[in-house]
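Let me begin by presenting the structure, written as structure tokens, before commenting on it.
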């Protein structure tokens, strides 16, 4: 097995399976050849190996949970809203063939370090920290306020995101564009949030607020199922768009 | 005898009148009114708007910073505020100005003043422990190698009250705007302030109201809005 690791790097199992499948195919070819007339001599045909599908993983972090209820959203708590949005988004992304890893699936306590650990182990191409608030209007997108830094083999835990800030800003740009296209009001900003500051992936924090019209009157509230569905659908579309951008040569 | 009594009565009357003349009839002005620049947060478009206010400002820089931030928080506490946060001027307990360290914004352990807060503090010489909630006593910054530079950059330590943090609305945008408006307002009026740290009731606190990280040193340059809406 060691030679496989040496040759094929970090994911020998995938290649090992491919090699086993190729061997099986060539063996079956041999058994067929035995029952068929002898073929003219020439170079042995090479089995065609399909290239492995490019990996694309999204981490969804439903903020708060357990004792940490987050902000109050009318009769609801922020921790419940973010969990519901995470579950809905996971289903939508799964239906689009995107692998999703969530930081929590139930009402549990999770500190920012654990959330970042989960995201960093996932080696994801997009990490979304989901939040909700009664203040402001529409969707607030935030990237880390850390100054961009060169990637190092070792980086400080609290500022690990610095090496990814440029990619995170690009992700925020794509999400912003798709949300605007879906007629959702969006604002962009930078913030200091312990969870995303420790993440080593393109990471953004997303805060859902009611939409407001003239005189600050609410036009779509957080408990509006139609609004929730629009936000989730738009986010799924944005991540699909990001996927195509990530995999562009 | 009668004449003497009359004179004494007259003198007493004059003294009484003189006293009435010198009695204060309006509150004394502690300082002349000056222009102060406030960076006022607006929740509706996630922006900081520059506003100029005329208010009496003391000469002492720390007191001046506290008065200016008090005015900013008064605006937030007013009805029809674009960034409603209760508490007002009394929410800023103290502002300390120290020589800014050359350490980066993400440095977890800055030199704090404290002791003077009347709260438990870490005695000089006792090493810092990451989970130690005590801040160094007042004498420590003088003994840790920093030399005050009269024109050098400064670190402002803003000590907020616990009631302000407890009543602050929860949310990334609203908390970030409060922090950024404080940082930008300090820098606009005290240009030497390049770094800001926050305490709540004299103690370090993880977040303002569940989101904005208060364990970091903020660079005022990050909070200054560009032309037009922020960011």
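Here, each number is a calculation from the coordinates, and none is a lab measurement. As the structure is a prediction and not an experimental result, all values here were calculated from the model. Cβ atoms come from the backbone with ideal geometry, glycine included; neighbour counts cover every protein chain shown.
Taking the stretch A:107-129 as the range and being closer than 19 Å to residue B:206 by Cα and either in contact (Cβ under 8 Å) with a residue 24 or more places away in the chain or not in a loop (DSSP other than H, G, I, E, B) (or both) as the test, the residues that pass are A:109, A:110, A:112, A:113, A:114, A:115, A:116, A:117, A:129.
With the checklist (1) in contact with a helix residue (DSSP H, G or I) (Cβ under 6 Å, 6 or more places away or on another chain); (2) within 14 Å of another protein chain (Cβ to nearest Cβ); (3) crowded, with 21+ Cβ neighbours inside 10 Å in hand, flag the one item residue A:187 doesn't pass. All conditions pass for residue A:187, except number (1).
For the stretch B:45-85, a residue qualifies if it is closer than 23 Å to residue A:188 by Cα, touching a residue at least 24 places away in the same chain (Cβ under 8 Å) and either within 14 Å of chain A (Cβ to nearest Cβ) or surrounded by 19 or more Cβ atoms within 10 Å (Cβ to Cβ) (or both), and the qualifying residues are B:45, B:46, B:47, B:48, B:76, B:82, B:83, B:84, B:85. The set of residues in the stretch A:65-104 being in a loop (DSSP other than H, G, I, E, B) and either more than 13 Å from residue A:128 (Cβ to Cβ) or within 14 Å of chain B (Cβ to nearest Cβ) (or both) consists of A:66, A:67, A:69, A:70, A:71, A:74, A:75, A:96, A:97, A:104. What do you reckon, is residue A:163 more than 10 Å from chain B (Cβ to nearest Cβ), surrounded by fewer than 22 Cβ atoms within 10 Å (Cβ to Cβ) and more than 20 Å from residue A:218 (Cβ to Cβ)? Spelling it out, residue A:163 is indeed more than 10 Å from chain B (Cβ to nearest Cβ), surrounded by fewer than 22 Cβ atoms within 10 Å (Cβ to Cβ) and more than 20 Å from residue A:218 (Cβ to Cβ). Considering the stretch A:212-230, the residues that are in contact with a strand residue (DSSP E or B) (Cβ under 6 Å, 6 or more places away or on another chain) and more than 14 Å from chain B (Cβ to nearest Cβ) include one that is surrounded by the fewest Cβ atoms within 10 Å (Cβ to Cβ), namely A:227. For the structure I just gave you, tell me whether residue A:118 is surrounded by fewer than 20 Cβ atoms within 10 Å (Cβ to Cβ), more than 17 Å from residue A:163 (Cβ to Cβ) and under 11 Å from the mean Cα position of the chain (by Cα). No, not satisfied.
Hey, among the residues in the stretch A:121-137 that are crowded, with 24+ Cβ neighbours inside 10 Å and out of contact with any helix residue (DSSP H, G or I) (no Cβ under 6 Å at 6 or more places or on another chain), which one's farthest from the other protein chains (Cβ to nearest Cβ)? Here the answer is A:124. Being part of a strand (DSSP E or B), within 18 Å of the chain's Cα centre (by Cα), surrounded by 22 or more Cβ atoms within 10 Å (Cβ to Cβ) and more than 13 Å from chain A (Cβ to nearest Cβ), is that true of even one residue in the stretch B:182-194? There is at least one residue in the stretch B:182-194 that is part of a strand (DSSP E or B), within 18 Å of the chain's Cα centre (by Cα), surrounded by 22 or more Cβ atoms within 10 Å (Cβ to Cβ) and more than 13 Å from chain A (Cβ to nearest Cβ). Mind listing whichever residues of the stretch A:192-203 are buried (at least 24 other Cβ atoms within 10 Å of the Cβ) and within 11 Å of chain B (Cβ to nearest Cβ)? Of everything in the stretch A:192-203, those that are buried (at least 24 other Cβ atoms within 10 Å of the Cβ) and within 11 Å of chain B (Cβ to nearest Cβ) turn out to be A:192, A:193, A:195, A:196, A:197.
Here is a check on your reading of the model: is residue B:211 within 19 Å of residue A:194 (Cβ to Cβ) and in contact with a helix residue (DSSP H, G or I) (Cβ under 9 Å, 6 or more places away or on another chain)?
On the way: within 19 Å of residue A:194 (Cβ to Cβ): yes; in contact with a helix residue (DSSP H, G or I) (Cβ under 9 Å, 6 or more places away or on another chain): yes.
Against the criterion (within 19 Å of residue A:194 (Cβ to Cβ) and in contact with a helix residue (DSSP H, G or I) (Cβ under 9 Å, 6 or more places away or on another chain)), residue B:211 qualifies.
Looking only at the stretch A:74-97, residues that are touching a helix residue (DSSP H, G or I) at 6+ places or on another chain (Cβ under 6 Å) and exposed (fewer than 15 other Cβ atoms within 10 Å of the Cβ) come to 1 in all.
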